[in-house]
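Before any comments, here is the structure.
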Amino acid sequence: MPEKGEIQNEKFKILHFASCILNLVMRIDILSLFPKMFESPFSESIIKRAIDRGLVSIFVHNIRNFTHDKHHTVDDYPYGGGSGMVLKPAPLFEAVESIKGEIGDTAPVILLTPQGRLFCHQVAQELSSQPNLVLICGHYEGVDERVREHLVTDEISIGEYVLTGGELAAMVVVDAVVRLLPGVLSSEQASQEDSYAQGFLEYPQYTRPQVYREWEVPPILLSGNHQEVARWRREQAIQRTLERRPDLLGKAVLSEEERKLVDRIKAKRDRA
Ligand code: ADE
């Protein structure tokens, strides 16, 4: 009788083998001036497990390794003057060309920059269907415009604020993309995912103890009535979405009953 761990290992091996055959193993290459920043986020939790199971390969490249001068210069003053430094084109072109030598010419090359299109669940889904991604972490005042024009195929911003560099943005993108890859999340986790994709925020969750500092878990969750629990959760999700992100509800597919519920909540809110 095999031990549980052995069964799991067998399962992972089969999964990895099937993934390779079906070309499901995603490869992500990241170009950064600070590769060490990626060590911790990629060696913990779900991303680590996905790497260990062979569902994704992540390579972090130091842009400085693609320079040829003694000082490994990656940036220079902007033509025309002005403050700050600009990332030189040559190391970035050479790095991407070297990666493309291994993975082929068709991978999206994405620059992380506050000037990019806004990252969201749909963009994560779109990227998760690619076999390869190349992510470039911008720095300083920006990158030489020729990188944008002739190397990069997409530009992504993770929000309307400016970070010190693209590394944290790349980590966010990798995290959101990798969790969508087949086999990375359990089916339970994946169905929670669906809720957001369907245009709702999550319903409230509770765990033991039943009463904590006099705050009780809603009795319906202890009733054992699965149908009623499901209904309550759906109502809570709708209510929460209406309160916090009414814009999301535009995408949601609602039953007749749920539509009425939305109208009731709205009417109640308007009266208050
Ligand atoms: N680099 C700096 N700020 C950024 C942002 N908001 N998104 C992506 N990359 C960035």
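A few comments on the model shown:
- Complete set of residues in segment 195-228 that are hydrophobic (A, V, I, L, M, F, W, C) and either exposed (fewer than 11 other Cβ atoms within 10 Å of the Cβ) or within 24 Å of Lys251 (Cα to Cα) (or both): Ala197, Phe200, Leu201, Val211, Trp215
- Screening the candidates Tyr206, Tyr196, Tyr212 for the property of being touching a residue at least 40 places away in the same chain (Cβ under 8 Å) and aromatic (Phe, Trp, Tyr) yields one hit, Tyr196.
- Reported count of residues in segment 111-151, each being aliphatic (A, V, I, L, M), in contact with a Gly (Cβ under 8 Å, 6 or more places away or on another chain) and within 22 Å of His61 (Cβ to Cβ), is 4.
- For segment 127-184, the candidate set comprises residues that are in a strand (DSSP E or B) and among the polar types (S, T, N, Q); within that set, the residue that is farthest from the ligand (Cβ to nearest atom) is Asn132.
One line per residue, one yes/no per condition, for (1) closer than 23 Å to Cys120 by Cα; (2) at pLDDT below 95; (3) out of contact with any Asp or Glu (no Cβ under 9 Å at 6 or more places or on another chain):
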{"residue": "Val211", "(1), (2), (3)": "no, no, yes"}
{"residue": "Glu214", "(1), (2), (3)": "no, no, yes"}
{"residue": "Ile220", "(1), (2), (3)": "no, no, no"}
{"residue": "Leu242", "(1), (2), (3)": "yes, yes, yes"}
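- Of all residues in segment 79-99, those that are within 18 Å of Thr153 (Cβ to Cβ) have Cβ atoms under 9 Å from Cβ atoms of residues that are acidic (Asp, Glu) and at pLDDT below 95, 6 or more apart or on another chain, in Leu87/Glu141.
- Some residue of segment 95-106 being within 15 Å of Ile30 (Cβ to Cβ) and within 16 Å of the ligand (Cβ to nearest atom): no
- Condition check for Ala124: in the same structural domain as Val173 (by TED's automatic domain parsing), more than 16 Å from the ligand (Cβ to nearest atom) and of a type in the set (A, V, I, L, M, F, W, C): no
- Only a single criterion out of (1) out of contact with any Leu (no Cβ under 6 Å at 6 or more places or on another chain); (2) away from the ligand (no atom under 16 Å from the Cβ); (3) in a loop (DSSP other than H, G, I, E, B); (4) within 30 Å of Gln115 (Cα to Cα) is not satisfied by Tyr196, namely (3).
The values are calculated or read from the model by the stated rules, or taken from the named source; none is laboratory data. Since this is a predicted model, take the numbers as computed values, not measurements. No Cβ is skipped: glycine too gets one built from the backbone with ideal geometry, and neighbour counts run over all protein chains shown.
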